[in-house]
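K.L.:
Can you keep this structure in mind? I'll have questions shortly.
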Amino acid sequence: MTVLRNAPLLASAAVIVALMFTGCANEADENAGLSFEDRPLAQYLDQIDGARDAETLIAQSNRVEELVSACMAEQGFEYTPVDDSANIRRTASLEDAETRTSTQEWVTSNGWGVVPSKADREAMKTQAENADPNTAYLESLSSAEQSAYKDALWGALASGQPEDDSKALTWDETGCYGKVEHEGGGDSNYRADEDYAGLFEAMDGLWEQTAKQPEVVALEKQWSGCMADEGYPGLESRSDARRVIEEELGALFTGDGEDPSEDAFQALKEKEIDSALADFHCAEQFDYDALQLKVRFALEEQFITDHKSVLDALVAEYAAGH
C-alpha cells in the first residue's frame with residue numbers, strides 16, 4: 001500500500017497539521033523583523049485558534065476521531081478512532097526546527113523537502129499499513145459495503161479530489177468528517193460559518209493581491225531572471241519552481257500499483273536540491289522574503305481597517321471556544 005494513494009484513510013489530523021503550517025516555510029527574515037506567523041491578521045485568528053502546539057493538535061484530532069466514530073455508528077458502520085499523535089509530533093518537530101528551509105545547509109540536504117527520502121517513504125508506508133485500526137474491518141466487508149463505508153466516512157472525497165477544483169464541496173458532501181467539522185468538532189469550523197463567508201473570501205484574496213502589487217511583480221521578474229541565469233528559464237513566479245518538482249513527483253506514480261524505483265526518486269531528489277539551491281540564492285540576492293512580507297503586512301493592515309467591525313464580531317463569537 002502506498003501512502004500517497006491512500007492518504008484519505010490516515011484521518012483528519014494530517015489535514016489539521018497541514019493547515020497549521022502551510023506557508024510558514026521560507027517566510028521569515030530576521031533582519032527585517034517580520035515573520036509570516038506574526039502578520040496582523042494572525043493576531044485576530046490567534047484569538048480564536050489559541051495554542052497551536054503539537055499536544056493541542058493531538059487533542060483536537062482525538063476529539064474529531066471520537067465524533068467521527070459516533071457518526072459512523074449512526075450510519076451502521078464500526079469505526080475505531082485513529083491515533084495520529086506520532087505523525088503530528090513528527091511534523092511539528094520538523095516545522096519547529098530552526099534550520100528548516102531558511103538556511104543553505106538545510107536546502108543543500110533537503111531541497112524544499114518535496115521528494116521524501118527512502119527512510120521517510122518507508123516510515124510513511126509503515127504508518128499507513130499499521131496505524132489505521134479500521135483496515136481489517138474494512139477488508140471484511142463486501143465490495144459494495146466498502147464503497148458505502150468510504151462514502152459515509154469521506155463523502156465525495158472517497159474517490160479523490162473532484163475533477164472540477166473550482167467547485168468547492170459543501171460540508172454535507174464530505175461524509176462524517178464534513179459533518180463533524182460543520183458541527184464544531186474541528187478546530188477551524190468558524191471558516192464554515194456562512195455569516196462570514198464574504199470576510200474569508202476577501203481574506204483569501206490577499207494572496208492574489210500581494211502577487212499583483214508593483215513591488216512584488218518587479219521582485220518576481222528579478223527572481224525569474226536570476227533563475228534563468230542559473231539554468232531554470234520560464235519560471236514566472238517563485239512558486240513555479242517548487243511546483244515543477246511536485247508535478248514530477250506525482251508523475252512518478254503511474255497508477256499501476258507499483259511504487260517508482262529508488263533510482264527515479266534519487267534522480268528527482270537531486271533535481272529538487274539543485275533547483276531549490278538556485279531559488280535560495282536568487283531569493284537571498286533580492287531579499288525576496290522580507291520585501292514580500294513587507295507588502296503583505298501593509299495589505300493586511302489595510303484589510304483590518306476596512307473590515308474591523310466584522311473581524312471583531314468574528315472574534316467575539318468564536319474566541320470563547322464556540
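Values quoted throughout were computed directly from the atomic coordinates according to the rules given, and no laboratory measurement underlies them. These figures come from a predicted structure and were not determined experimentally. Positions of Cβ are generated from backbone atoms using ideal geometry, with glycine treated the same way; all protein chains shown enter the neighbour counts.
K.L.:
Determine, from the Cβ-Cβ distance of residue 284 and residue 120 and an R0 of 22 Å, the FRET efficiency 1/(1 + (r/R0)^6), rounded to the nearest 0.05.
P.N.:
Efficiency at R0 = 22 Å is approximately 0.25.
K.L.:
Go through the stretch 278-286 residue by residue and turn each phi into a ³J(HN,Hα) via Karplus (6.51, -1.76, 1.60, θ = phi - 60°); whole Hz please, and just put x for glycine and proline.
P.N.:
Result, rounded to whole Hz: 4, 4, 4, 5, 5, 5, 5, 4, 9.
K.L.:
Which ³J(HN,Hα) values in Hz, rounded to whole numbers, follow from the phi angles of the stretch 213-220 under the Karplus curve 6.51 cos²θ - 1.76 cosθ + 1.60, where θ = phi - 60° and Gly and Pro get x?
P.N.:
Karplus-based 3J(HN,Hα) across the stretch 213-220 equals 5, x, 5, 6, 4, 5, 5, 5 Hz.
K.L.:
At 0.36 nm per residue, and after removing the present C-alpha to C-alpha distance, how many nm does the segment from residue 252 to residue 204 gain when stretched out fully?
P.N.:
14.1 nm
K.L.:
How would you classify the stretch 175-322 from its alpha-carbon gyration tensor, with a ≥ b ≥ c the square roots of the eigenvalues: rounded for a/c under 1.5, else prolate if a/b is greater than b/c, otherwise oblate?
P.N.:
Oblate is the answer for the stretch 175-322, as a/c is 1.5 or above yet b/c matches or exceeds a/b.
K.L.:
Still on this structure, I have one more. Residue by residue, what Karplus-based ³J(HN,Hα) values in Hz, rounded to whole numbers, does the stretch 267-276 have, using 6.51, -1.76 and 1.60 with θ = phi - 60° and x for Gly and Pro?
P.N.:
5, 5, 5, 4, 5, 4, 4, 4, 6, 5
K.L.:
Then there's this: What are the chymotrypsin sites (Phe, Trp or Tyr not before Pro) within the stretch 197-254 that DSSP puts in a loop, where the Cβ has at most 15 other Cβ atoms within 10 Å?
P.N.:
Qualifying residues, ordered by number: 253.
K.L.:
Further question: If amide hydrogens are placed 1.01 Å from N in the peptide plane, which non-local residues have theirs closer than 5 Å to the one on residue 34?
P.N.:
Here the answer is 29, since their amide H atoms fall under 5 Å of that of residue 34.
K.L.:
Mind scanning 221/269; 118/221; 179/271; 125/221; 118/179 and naming the pairs with a C-alpha gap bigger than 31 Å?
P.N.:
Over 31 Å Cα-Cα: 118/221; 179/271; 125/221; 118/179.
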